[in-house]
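Notes follow once the structure below has been shown.
Only the coordinates and a few stated rules stand behind these numbers; no lab work does. Nothing here was measured: the structure is a model prediction, and the numbers come from that model. Here the Cβ positions follow ideal geometry from the backbone for every residue, glycine too, while neighbour counts run over all protein chains shown.
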Amino acid sequence: MKSSILFIPLVLFLNACTNQSNFDASGNFEADEVIVSAQQNGELLSYEVKEGKQLKAGEKVGRIDVREVELQKQQKEASIAALNDKTAAPSDQVELIRRQLDVQKAQLAQQQREKTRTENLLKVDAATHKQLDDINASIDQLNKEIAVTQQQIKLSTYNTNNQNRGILSEKAPMEKAAEQLQEQINKGQIINPVSGTVLINYALRGEMQVTGKPLYKIANTEILDLRAYITGAQLTQIKLDQKVTVQIDNGKKGHRGYTGTIVWISDKSEFSPKTIQTRDERANLVYAIKVSVKNDGFIKIGMYGEVIF
């Protein structure tokens, strides 16, 4: 009777030792968790985030009230439009002067025809030299007036361009300010940065948000990393991109197995965490590794896992 009582604990102890030696390393599953924060101040007008919800990268999940910034942008755009109204086209300024020039050129052409006619009449003594001198004087005067008018056109065009340049020099800074305001408006839209599952939600619709305040935490749970620890003696058994077997506890059914890939091996040793079991319990220093595993929905962040090389 006593021998059978002693036999049962001994069997349990041997089974525990056998199960412990069925794996080479162990650790916990983790994922790259991203905390999405508000990028603008204001009331949370709409919000479509719930814990456990699957979100895609680039998906719009909410909107913060940025009406005040929109009004500031409209004010800048109105100021830019007012600057455009202040500018004058050079053609508007010189049109009257050009018409005056056209009249002067027509008068000059008429005087030149009159000069030719008077010279012909003078040859037959039908005109006097004084008449020809008067016409030549008139032609000289018109040439001077035309030169002055042409100079006025150039000067008016130059002044108009300078005036417009001074007005439009204020336009570029205003346009940049309007672009900055548009960026602030865009930040009022809450855009999900990565595809994954919402782990924790911190916000509710109608709450006031400030820049930098966390809204929710999301992580891609389709592929998880098992951070495990190995001894220095095991380093020679593994390499990057090596396929290994990963198993998790499956309750009464034993273990559920997966195929994993070693994606990272630490180049520095560290002291063995108390919660981590290794094959060689006498080793004080271990190396961390990461094994990438495709999740079928049964693996959870923080769950314990085992690695078999």
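With r as the distance between the Cβ atoms of residue 130 and residue 172 and R0 = 51 Å, compute the FRET efficiency 1/(1 + (r/R0)^6) and round to 0.05.
0.20
Pop out the ³J(HN,Hα) list for segment 49-62 in order, Karplus 6.51 cos²θ - 1.76 cosθ + 1.60 with θ = phi - 60°, rounded to Hz; leave Gly and Pro as x.
Here the 3J(HN,Hα) series is 10, 9, 5, x, 6, 8, 10, 9, 5, x, 6, 7, 10, x Hz.
For residue 144, give me every one of the lysines with a C-alpha distance below 30 angstrom, ignoring sequence neighbours fewer than eight places off in its own chain.
Answer for residue 144, where 30 Å is the Cα cut-off: 105, 115, 123, 130, 154, listed by chain and number.
What is the spin-label model distance, in nm, from residue 194 to residue 80 if the labels are put 7 Å beyond Cα along the C-beta direction?
3.6
Expressed in nm to one decimal, what extension gain is obtained for the pair residue 300 and residue 243 from 0.36 nm per residue of sequence separation less their Cα-Cα distance?
That works out to 18.4 nm of additional length.
For the pair residue 179 and residue 220, what calculated FRET efficiency results from E = 1/(1 + (r/R0)^6), where r is the Cβ-Cβ distance and R0 = 30 Å, to the nearest 0.05?
The computed FRET efficiency comes out at 0.35.
Taking the Cα centroid of segment 220-267 and of segment 179-201, what is the distance between the two, rounded to the nearest whole Å?
When both Cα centres are located, 35 Å separates them.
Run through segment 201-246 and list the chymotrypsin sites (Phe, Trp or Tyr not before Pro) located in a DSSP loop whose Cβ has at most 15 other Cβ atoms within 10 Å.
Listed in order of number, the matching sites are 202.
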